[in-house]
Amino acid sequence: MHDNQERIRLCDCNRSFSLDAGQLAAAGVVASCHHALCAQDLPVVDADLAAGRTVFVSCTQETALFGELADTHEAGQRIHFFNLRENAGRSAESAQAAPKLAALIAAATTLPAPEPVPAVQMQAGRSLLIIGEAGAALGWAERLAGSFDPAVLITQRAGEVELPAANEYPVWSGKVLSLSGHLGEFELQWQQRNPIDLELCVRCNACVKACPEGAIGFDLQVDVDACRGHRACVAACGEIGAIDFARTDTARSERFDLVLDLSVEPLLKRIELPDGYAAPGRDPFEQALAVQSLGEFIGEFEKPRYVAFDAGLCAHSRARKTGCTNCIEVCATEAIRSNGDVIAVDPWLCKGCGTCSTVCPSGALGFQFPRVPDVGLRVKTLLSEYARTGGRDACIVFHAAEDGAAAIARLARRGRGLPA
């Protein structure tokens, strides 16, 4: 039941599908039907929000428009959206869809808000690590220096590439030893492999001029195959001391908020990559898309702690004897690791697929968002309302939130849509 402070606004999107107000009313749905809520009928939503009402709008296409309207009334928490057009309206069986429409409306407007679960706070600044071949890595660093705080690790030389004329951001060279962490807390460990240490180098180019073989390019890296060991470069470098052919370098490390990995083979090989890490390969277009996506992660974020873990039930190990490793093996994000006799879940890497809880034999891992009771109540509401309003032989489609919704939208737009 809805009180006087709630309104359900349905829209048939310029009569592109059938919304029979009489049929819905007979089914017990108290709602107003409109033809253009995002255009001529927008004032009714405006009036609802101005009057302090909570509004349920059956349109997900224009959430930005309605959201802006709600903001003018400081009512962002009082407007909610659900989809009727793709999920039921645009269908070859839309004339028989009244029970389905009633079920979808009930599930969207009558269920209580889910109980809150513990959250994980994430924060990312503008610190961006760019890893890869010199030309691509330096090229992107130059383009992004105004929007990010870049740092470059050159892992491969590239022809006549030169270091930037202005020393505005760190440039290193070497071999990656490890890359770990998550959005806002990535840690890179690398080892200097070239005789010229770019952290010490002042870019005077004296070594380039001094080398008789031309083994040093303007990227200030030594081609060790061309070098004949004259060490004229060492003498030219003098007291700066950036060139050392006998250096035994220890691992160096730095932390970053974001990572743009331009390596041919990504440094992180996972089914689900961490947020804030992009590995677009060598294609310039894909690189541009990756850079654009990384910019969206700057800021402060909150996400649910998807998994609850009871160490007392964990059967991972006892007395240094490994038992169950099911969750470690199936985790697509590598968020689960061994931690002595039990496992540890990294909530910052976990993306909530729930696979770990399905393979845990002891129940030590429980999926807590969305909670099973909340999902069960939604399914129960859909089925009971569908049956109450005359529907028979119900079939529920379970799908991934983004990809599944996109597939359903294409089916509704170009095909026969979903059945009634």
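Computed from the coordinates by the stated procedures, all read-outs in this text should not be read as laboratory data. None of these values were measured; they are calculated from a predicted model. When we count neighbours, we look across all protein chains shown, and the Cβ atoms used for this are built from the backbone with ideal geometry, even at glycine.
The table below gives the values:
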| quantity | calculated |
| --- | --- |
| Distance between modelled label sites at residue 143 and residue 25, nm, 7 Å Cα→Cβ extension | 5.9 |
| Three semi-axes of the equivalent ellipsoid, segment 1-138, Cα gyration tensor, whole Å, largest first | 36, 20, 17 |
| Point-charge dipole on Cβ atoms (K/R +1, D/E -1) for the chain, about Cα centre, debye to 20 | 1320 |
| Environment charge of residue 396, counting only residues whose C-beta is closer than 12 Å and scoring Lys/Arg +1, Asp/Glu -1 | +2 |
| Amide H contacts under 5 Å for residue 79, placed H, 5+ residues apart | 55 |
| Charge dipole magnitude, Cβ of K and R +1, D and E -1 - segment 268-331, Cα centre, debye nearest 20 | 580 |
| Estimated FRET transfer efficiency when R0 is 25 angstrom, pair residue 245-residue 158 (beta carbons, to 0.05) | 0.65 |
| The chain: proportion of alpha-carbon pairs further apart than 43 angstrom, % | 36 |
| Shape category assigned to segment 280-420 from the gyration tensor of Cα positions, a/c cut at 1.5 | oblate |
| In nm, spacing of pseudo-spin labels at residue 269 and residue 51 (7 Å Cα→C-beta vector) | 6.3 |
| Efficiency of FRET between residue 167 and residue 119 - r from beta-carbon atoms, R0 45 angstrom, step 0.05 | 0.65 |
| Mean residue ellipticity (222 nm) of the chain, computed from DSSP H runs ≥ 4 via -39,500 (n - 2.57), nearest 500 | -7500 deg cm²/dmol |
| When the convex hull of its Cα atoms is projected in every direction, mean area for segment 123-300 (nm²) | 10.3 |
| Contour excess over end-to-end distance, with Cα ends at residue 302 and residue 283 and 0.36 nm allotted per residue | 3.6 nm |
| Size of electric dipole in segment 42-165: Cβ of Lys, Arg +1 and of Asp, Glu -1, about Cα centre, debye, nearest 20 | 360 |
| Considering only segment 301-410, percent of DSSP beta bridges that pair antiparallel, nearest 5 | 100 |
| Inter-part distance where segment 327-366 and segment 115-192 are each reduced to a Cα centre, Å | 29 |
| Peptides 381-388, 223-230 ordered by average Cβ neighbours within 10 Å, highest first | 381-388, 223-230 |
| FRET E, pair residue 315, residue 81, Förster distance 25 Å, beta-carbon r, rounded to 0.05 | 0.05 |
| Label-to-label distance, nm, for residues given as residue 396 and residue 351 (7 Å Cα→Cβ offset) | 2.5 |
| Mean separation of Cα contacts under 8 Å, 6 or more apart, over the residue count of the chain: relative contact order % | 17 |
| Spatial separation of Cα centroids for segment 261-307 and segment 17-80, in angstrom | 36 |
| Selection from 348, 313, 363, by position along the positive dipole direction of segment 305-367 (Cβ) | 313 |
| Rel. contact order, % - alpha carbon contacts under 8 angstrom, at least six apart, segment 1-136 | 25 |
| Dimensions (Å) - segment 305-367, Cα atoms, principal axes, largest first | 31, 18, 16 |
| 14 Å beta-carbon shell around residue 384, net charge (K/R +1, D/E -1) | +4 |
